[in-house]
Amino acid sequence: MKTSILVFCLCCFSITSFAQRSPIPGLPAVDYQDAGFNSDSIDALIPIMDNFDQLDFRGMVVIKDNNILMEWYYNSHTRSDINDIRSAGKSITSLLLGVAIKEGLVQNLDQDVYSFFSKEKYPSIHEDYKQIKIRDLLDMSSGLDADADDWRTPGNAGQWMGKDEWVEYLLGIPLAKKPGEQWVYADINAALIGAIIEETSGMSLNDFARKNVFAPLGIKKYYWYTNAANQTVAAGTLFLSTVDFAKLGVLVANEGKWGDNQIVPADYIETLLARKVFDLTEMSSLANAYGMFWYKTQRTYNGKEIDFLYASGNGGNYLVVVPQENMVIALTSTAYGTGYGHRRAQAIVHKLLNALE
């Protein structure tokens, strides 16, 4: 009971003290009804979130039409705290690839992976990489001998993420299947996208992100693990605050723009939204499809069909973008290695979308 009271007080503090917080440039506050939400439904959500049994839920930010609708924090966490969003970082890596295309570092999604790495610099590069296109990596269908659920595969993250230099190792992983035919979730796919950006830009993915995306969005406090060889884990280990996590969703909802600044090409975002290559309906309780390192979903709420996409990270870290509503939901949590973290996040998403009028 004491914990629930504490959480309740923290939640109430977050709501009632919003006006006392420093404003976020470009993201003013708005009330529920003006944003098109049923206030009774939102009021019903508050006690549910106040009374979670676990103490690992950190925050929720909801942005609609570039206005902050909700910014709530729990269990002593605040706007400034950063959190490991785990595999949701893969979806951010996809956005960074769009920037790399804008900068002329990558021509298109049909380039083969082999073409980005010289044999002289990486003598162990496998000839199989000539068959793998960038889009195969983005769709988790590279065909490489790697599986996040099978530690015995040579491309499993446990085999390489602890190395001081991992790109040379990754480039030696052979194919196990034909590229483009089967969805197999593996960190190696995002790691290779990161390696392509690093190879062509001459900087770590961490620095590339800071210069081209994080700085323009006002994201100043973050951490992204980078090894001794200046290679960033593009597959995860990105720590962001809840509100900065949400800003990256706004970038998607606004077709790659932040204010008047076109950060990611609009046509790249259009492809990201539309690409639904693999049907995940039987594999996931929320996702219907996958493409471009984002999960895609279609559901009916209050009689209205809504399409949305989302980034998902271990522990219940979710970034949901609803383009037709110009809406973003960011949820952060440290329920790593549990099933309830995802179930809790998905339940919140459903209740918020049901609250739309």
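See the values below:
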| read-out | value |
| --- | --- |
| Candidates Gly180, Gly143, Gly194, filtered to the one that is surrounded by 15 or more Cβ atoms within 10 Å (Cβ to Cβ), in contact with a helix residue (DSSP H, G or I) (Cβ under 6 Å, 6 or more places away or on another chain) and under 18 Å from Asp279 (Cα atoms) | Gly180 |
| Count of residues meeting criterion [under 18 Å from the mean Cα position of the chain (by Cα), among the charged types (D, E, K, R) and farther than 20 Å from Ile125 by Cβ] in segment 167-206 | 0 |
| Test result for Asp187, more than 19 Å from Ile101 (Cβ to Cβ), in contact (Cβ under 8 Å) with a residue 40 or more places away in the chain, open to solvent by 20 Å² or more (accessible area, probe 1.4 Å) and among the charged types (D, E, K, R) | yes |
| Number of positions in segment 116-136 that are open to solvent by less than 30 Å² (accessible area, probe 1.4 Å) and in a loop (DSSP other than H, G, I, E, B) | 4 |
| Any hit, segment 325-336, residues being among the β-branched types (Val, Ile, Thr), surrounded by fewer than 22 Cβ atoms within 10 Å (Cβ to Cβ) and farther than 16 Å from Asp65 by Cβ | yes |
| Selection within segment 53-98 - open to solvent by less than 10 Å² (accessible area, probe 1.4 Å), outside any strand (DSSP E or B) and within 12 Å of Asn317 (Cβ to Cβ) | Ile85, Ala88, Gly89, Lys90, Ser91, Ile92 |
| Segment 78-93 residues that are within 17 Å of Val61 (Cα to Cα), paired with ones that are open to solvent by less than 10 Å² (accessible area, probe 1.4 Å) and part of a loop (DSSP other than H, G, I, E, B) (beta carbon under 7 Å, 6 or more apart) | Arg79/Ser241; Ser80/Ser241; Asp81/Ser241; Ile82/Ser241 |
| Pairs, first under 17 Å from Leu238 (Cβ atoms) in segment 327-344, second at pLDDT 95 or above and among the charged types (D, E, K, R), C-beta under 6 Å, six or more apart | Thr332/Arg58; Ser333/Asp56; Ser333/Arg58; Thr334/Asp56 |
| Segment 148-159: number of residues that are assigned to a loop (DSSP other than H, G, I, E, B) and surrounded by fewer than 18 Cβ atoms within 10 Å (Cβ to Cβ) | 5 |
| Enumeration of residues in segment 341-357 that are among the polar types (S, T, N, Q) and outside any helix (DSSP H, G or I) | none |
| Residue in segment 228-239 that is surrounded by fewer than 23 Cβ atoms within 10 Å (Cβ to Cβ), under 22 Å from Glu165 (Cβ atoms), of a type outside the set (Asp, Glu) and in contact with a strand residue (DSSP E or B) (Cβ under 6 Å, 6 or more places away or on another chain) present | no |
| Flag for Ser312 being among the small types (Gly, Ala, Ser), part of a strand (DSSP E or B) and open to solvent by 10 Å² or more (accessible area, probe 1.4 Å) | yes |
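Condition check ((1) at pLDDT below 90; (2) on the phi < 0 side of the Ramachandran plot; (3) among the hydrophobic types (A, V, I, L, M, F, W, C)) across all residues:
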| residue | (1), (2), (3) |
| --- | --- |
| Cys12 | yes, yes, yes |
| Val30 | yes, yes, yes |
| Ile42 | no, yes, yes |
| Asp50 | yes, yes, no |
| Met60 | no, yes, yes |
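The values are calculated or read from the model by the stated rules, or taken from the named source; none is laboratory data. Keep in mind that what you see is a predicted model, and the values were worked out from it rather than measured. Neighbour counts run over all protein chains shown; Cβ positions are idealised from the backbone, glycine included. We work out accessible area using only protein heavy atoms, side chains counted, and drop any ligands, DNA or RNA first. Shrake-Rupley method; radii C 1.70, N 1.55, O 1.52, S 1.80 Å.
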